[in-house]
Amino acid sequence: MAPTDLTRCVLTPRVATEGFEPIGIGVHRASTILFEDAAAYAERGERGEKGYSYGLYGTPTTRTLEEKLTQLEQAAGTFLAPSGQAANALAAVAFLNKGDHILLADTVYPPMRDFALSDLARMGITLDFFDPTDLGDLEARIRSETRLVWCESPGSTTMELMDIPAAAALTHEARALLAVDNTWATPLNLKPLALGADIVTEALTKYVSGHSDVLMGSISVRDPDLAQPLKKMFGRFGIGASPDDASLVLRGFETLGMRLRHCGAVAQRFAERLSGHRAIGRVLFPGLPTMAGHEIFKRDFLGSSGVFSLTFPECVAPHVWRALDHLSLFAIGASWGGTRSLAAPMSIGASRSATRWQEPDVILRISIGLEDEGELWADLERMLTALRRLSAAGDAAE
Ligand SMILES: *Cc1c(COP(=O)(O)O)cnc(C)c1O
């Protein structure tokens, strides 16, 4: 008996997909996955890592993105989280138990610092911060309970470089794990797992997706033994990534190499031209030979991205916020790594405890986008001219 129209509305006919080979993977949405028969359903738990049993545990779209990241990170496996910060938090929680100790670089992404101070502390995990530019400080703070060392190189906003291979050696000597938030460099410009780290996280929200319209994060691990606990914990927490979002990230991924190369080259030229400018204190960019840690950058990194920061002399700093009103092409905004160039005045003094920030606490973080380089430079120059004028007027008024 043929089904009625009401039933036909519900049953989706299957058309042939043979011979249909698009470049990208489609968006495969699912909570429910169907089984041929009751026996197959009963045995769904035995389908293994590559099998499909429920949408939360992976779809062809999310698995394709995970596989791409696993290859680029030289990892044993990758897990997608709903944001970069979710990836950071979950990566830490997965490997820490009550009574364990975590060490965090003083320069980590501020929400990670907050997460450790509030949530990890609440769970009975003790923590300390260390100076990422002084591995003697790291070594001195490692304890027998230290289970995880968390770092970022270069550090958020202030761009301090850390010697990852040396930190990995110290960490492993203490039988702890080293995790690196690799968002600035992306898996194209730094391979933390190949340098000895055990865990790498990425805010795919930034360069990898590249268009400022999606949030996603990833955790990749070097050792298959670390993948199992993560996979199980993700299931218990009910964490998954949307296939629509994964598809956007996959699309952005295709142009990542070209975008990064361009943004890195423009940032290098701008950082060089801005060095020594009278309205500016220091230019914080790993690609500058004057930058502390430049040797580490040259040794470990395959290139740079387009994010750098500016500090200001005492007499200039109070005028930075007003000078930003003179920018017209650079937009004011937080989440960098997209097509649009951004400027964001940052204050970091309150997020340092193992080190002390010695300069005025207004740091201008710049993210180079894909606009015309000459027009971007002219925009920056207009802002700096206004900054000098405001500072001179400020001096005169005193
Ligand atoms: C932006 C950022 C994150 C968080 O990414 P979201 O997807 O916005 O949560 C994590 N780490 C670093 C270094 C970042 O810059």
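Every read-out reported here was derived from the displayed coordinates using simple, explicitly stated rules and does not represent laboratory data. It should be emphasised that the depicted structure is a prediction, and the values quoted were computed from it without experimental measurement. Note that each Cβ is placed from the backbone with ideal geometry, even for glycine, and that neighbours are counted across all protein chains shown.
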Quiz item: Over all Cα pairs of segment 43-99, how is the pair count split among 10 Å bins, expressed in % and running from 0 up to the last occupied bin?
Solution: 19, 43, 32, 6
Quiz item: If you stretched the chain out fully between residue 126 and residue 375, how much longer would it get, using 0.36 nm times the residue separation minus the C-alpha to C-alpha distance?
Solution: 84.7 nm
Practice problem: Find out how many positive minus negative residues lie around residue 374, taking Lys and Arg as positive, Asp and Glu as negative, among other residues whose Cβ is under 15 Å from that of residue 374. | Solution: -3
Quiz prompt | Bridge type composition, the chain - antiparallel percent by DSSP, nearest 5 | solution = 50 percent
Self-check item: Projected-area mean, segment 156-219, by convex hull of Cα positions, square nanometres
Solution: 4.7 nm²
Self-check item: Check: the chain dipole with +1 on Lys, Arg Cβ and -1 on Asp, Glu Cβ, in debye
Solution: 280 debye
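Please compute, over every Cα-Cα pair in segment 189-309, the percentage with a separation greater than 18 angstrom.
64 percent
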Self-check item: Å³ per residue enclosed by the Cα convex hull of segment 256-397
Solution: 116 Å³
Exercise. Give the share of C-alpha pairs in each 5 angstrom bin for segment 336-398, from 0 to the last occupied bin, in whole percents, shortest bins first.
Key: 4, 14, 15, 19, 17, 15, 12, 4, 0
Self-check item: Helical mean residue ellipticity (222 nm; -39500 (n - 2.57) per DSSP H run of 4+; nearest 500) of the chain
Solution: -10500 deg cm²/dmol
Quiz item: Given segment 41-253, what percent of its DSSP beta bridges are antiparallel, to the nearest 5?
Solution: 35 percent
Exercise. Determine the shape class of segment 75-178: with a ≥ b ≥ c the square roots of the Cα gyration tensor eigenvalues, call it rounded for a/c under 1.5, and otherwise prolate if a/b is greater than b/c, oblate otherwise.
Key: rounded
Practice problem: Mind ranking 84-92, 295-303 by how tightly packed they are, going by the mean number of other C-beta atoms within 10 angstrom, highest first? | Solution: 84-92, 295-303
Quiz item: So what J values fall out for segment 349-361 if you push phi through Karplus, 6.51 cos²θ - 1.76 cosθ + 1.60 with θ = phi - 60°, rounded to Hz, Gly and Pro as x?
Solution: x, 6, 9, 10, 9, 7, 10, 10, 7, 9, 9, x, 8
Practice problem: With label points built 7 Å along Cα→Cβ from the Cα atoms of residue 213 and residue 15, find their separation and express it in nm. | Solution: 2.5 nm
Practice problem: Starting at the first residue of segment 154-170, write each ³J(HN,Hα) from the Karplus equation 6.51 cos²θ - 1.76 cosθ + 1.60 with θ = phi - 60°, in whole Hz, x for Gly and Pro. | Solution: x, x, 4, 6, 9, 6, 5, 8, 10, 7, 5, x, 5, 5, 5, 4, 4
Quiz item: Using 0.36 nm per residue, how much length does the chain from residue 393 to residue 139 gain when fully extended, once their Cα-Cα distance is taken away?
Solution: 86.6 nm
Self-check item: Tilt relative to the chain, helix 373-397 - C-alpha long axis, 0 to 90 degrees, to 10
Solution: 40 degrees
Practice problem: Would you compute the Debye intensity of segment 41-253 from its alpha-carbon atoms alone, equal scatterers and no solvent, and pass along log10 I(q)/I(0) at q = 0.09, 0.15, 0.16 Å⁻¹ to two decimals? | Solution: -0.33, -0.91, -1.03
Self-check item: Extent along principal axes [Cα atoms of segment 6-94; Å; largest to smallest]
Solution: 48, 34, 24
Quiz item: So, in nm, how far is label residue 172 from label residue 44 when the simple model puts each one 7 Å beyond its Cα toward the Cβ?
Solution: 4.1 nm
Quiz prompt | Alpha-carbon Rg/Rh ratio, for the chain, with Rh computed the Kirkwood way | solution = 1.04
Quiz item: Once the Cα atoms of helix 84-94 and of the chain are each reduced to a long axis, what angle between those two axes, in degrees from 0 to 90 to the nearest 10, is obtained?
Solution: 70 degrees
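Please compute the length gained on full extension between residue 118 and residue 258, using 0.36 nm multiplied by the number of residues separating them and subtracting their Cα-Cα distance. The partial results should precede the final answer.
Numbers: separation 140, 0.36 × 140 = 50.40 nm, distance 3.94 nm.
Here the segment from residue 118 to residue 258 would lengthen by 46.5 nm.
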Self-check item: Selection from 363, 353, 385, by position along the positive dipole direction of segment 338-398 (Cβ)
Solution: 353
